[in-house]
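The values are calculated or read from the model by the stated rules, or taken from the named source; none is laboratory data. Please read these numbers as outputs of a predicted model, since none were measured by experiment. Backbone-built Cβ (ideal geometry, glycine too); neighbour counts: all protein chains shown. Note: areas computed on protein heavy atoms with side chains; ligands, DNA, RNA excluded. Shrake-Rupley method; radii C 1.70, N 1.55, O 1.52, S 1.80 Å.
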Amino acid sequence: MTDLFAPLQSLKQGDWFKLICGASFQHLLAVRSLTLAYTLAGADCIDVAADPAVIAAAQSGLQAAKSMAKDAQKRGFDYKGNLPFLMVSLNDGEDPHFRKAEFNPHECPTDCPRPCEQICPAQAIVFDSIKEDFSGVVSEKCYGCGRCIPICPYGIIYTASYVTTPRAIAPLVMSTGVDAVEIHTQVGRLAEFERLWQAISPWADQLKLLAISCPDGEGMIDYLRALYNLIAPLKSALIWQTDGRPMSGDIGDGTTIAAVKLGQKVLAAKLPGYVQLAGGTNKYTVAKLKAMGLLKRAGEQGSRGAGEKREFSAPLPLCPSAPLPLCPSASIAGVAYGSYARVLLSPILEQLENKEVSNTNMKATVRLEEDEVLLWQAVELAHSLVSQIKSQQER
């Protein structure tokens, strides 16, 4: 028997793991495979683009994982068939997570060394590809990291951004049965956030979790307090996602420092809810948190933050020194992994995609579970990351 609220228990214990597929990542086969592998590895939440096709691909991966719980247990994984929350990301304005790179390949000189192709972590830039029958940016693979822009010797790469249209996207997305919503915002966009929240609010009671992702900026804490006052009372759990250095976790160990520092800043503000890191997170993040004593130790009391089915109605004072009506989370509740988690599995996903291309029926897709060797290799890789934070509760 599965526990529909098991992910919330992970938040309380401080060992929450979220996979970020990418707010603008629309490669359906990859989304399904990532969802399947990380679910079997024990992830608590899968965050995907607010695109019905992407949501359906993730839901397909979730159902496939659920049917394989016994196989996972036989192989030594702890997955018990509990489905992680399915989350969609929305934005209230311009945001680097909601963009894609573009350029005209005909403007690219033939003698260009094409550093953009080499630096792209999503392998979204191709030239004269037989497999893709295409040159340029493969739109569904691009997730907007922007690394190709400054490295282009001729400056011909640009980005196309898109902003959520609240009245159009909210009913479409919320009717798909998602468990959670993440709103990407920035300091100073209170009016824009309010418009988006008003569009979502008719469905708010059906959500198990709301996450608010915000990068650092002057007046950030006061802005987060204002957001809380706007959304209260809230029946679902609440996460403050600290977006330290967006889409950079696969670059190196230094990127995790920004995520940890921002997490410390939000913890110190003692806002109601859980604090979860993102932006630059990688294999070094949990070790850094442990060394700094920012993770809950096994056996400690559960989080004192906002929990499921608990309503908070008192407004927060905007003055940082004023007392708060609620006890906040006392430690980092979890970590979200995006680019690092995806790149970790990219060798497996590339092999799977090559199988699709070499298939005699070009329209057929090879699903990850159809190749048992690749499947469990992918789960093993995913588990190597998930287990870092899950081991907190196994000591």
Problem - Identity of the residue in the stretch 106-158, small (Gly, Ala, Ser) and surrounded by 12 or more Cβ atoms within 10 Å (Cβ to Cβ), that ends up nearest to Tyr340 (Cα to Cα) - result: Ala122
Problem - Boolean, Phe98 is in contact with an Asp or Glu (Cβ under 7 Å, 6 or more places away or on another chain), aromatic (Phe, Trp, Tyr) and surrounded by 19 or more Cβ atoms within 10 Å (Cβ to Cβ) - result: no
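Quick grid of which residues meet (1) buried (at least 24 other Cβ atoms within 10 Å of the Cβ); (2) in contact (Cβ under 8 Å) with a residue 24 or more places away in the chain; (3) among the hydrophobic types (A, V, I, L, M, F, W, C):
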position	(1), (2), (3)
Ala23	yes, yes, yes
Leu28	no, yes, yes
Ala37	yes, yes, yes
Asp47	yes, yes, no
Ala50	yes, yes, yes
Gln73	no, no, no
Asn82	no, yes, no
Handout entry: Single unsatisfied condition, Ala199 versus (1) in contact with a Pro (Cβ under 8 Å, 6 or more places away or on another chain); (2) in contact (Cβ under 8 Å) with a residue 60 or more places away in the chain; (3) open to solvent by less than 30 Å² (accessible area, probe 1.4 Å); (4) assigned to a helix (DSSP H, G or I)
Key = (2)
Handout entry: In the stretch 202-256, residue modelled with the lowest pLDDT [restricted to those that are among the charged types (D, E, K, R), open to solvent by 30 Å² or more (accessible area, probe 1.4 Å) and within 21 Å of Ala269 (Cα to Cα)]
Key = Arg245
Practice task
Scan Val386, Val379, Val335 and give me the residue that is in a strand (DSSP E or B) and modelled with pLDDT of 60 or more.
Solution key: Val335
Practice task
Please go through the stretch 339-369 and pick out each residue that is over 30 Å from Pro96 (Cα atoms), outside any loop (DSSP other than H, G, I, E, B), in contact with a helix residue (DSSP H, G or I) (Cβ under 9 Å, 6 or more places away or on another chain) and at pLDDT below 95.
Solution key: Lys355, Glu356
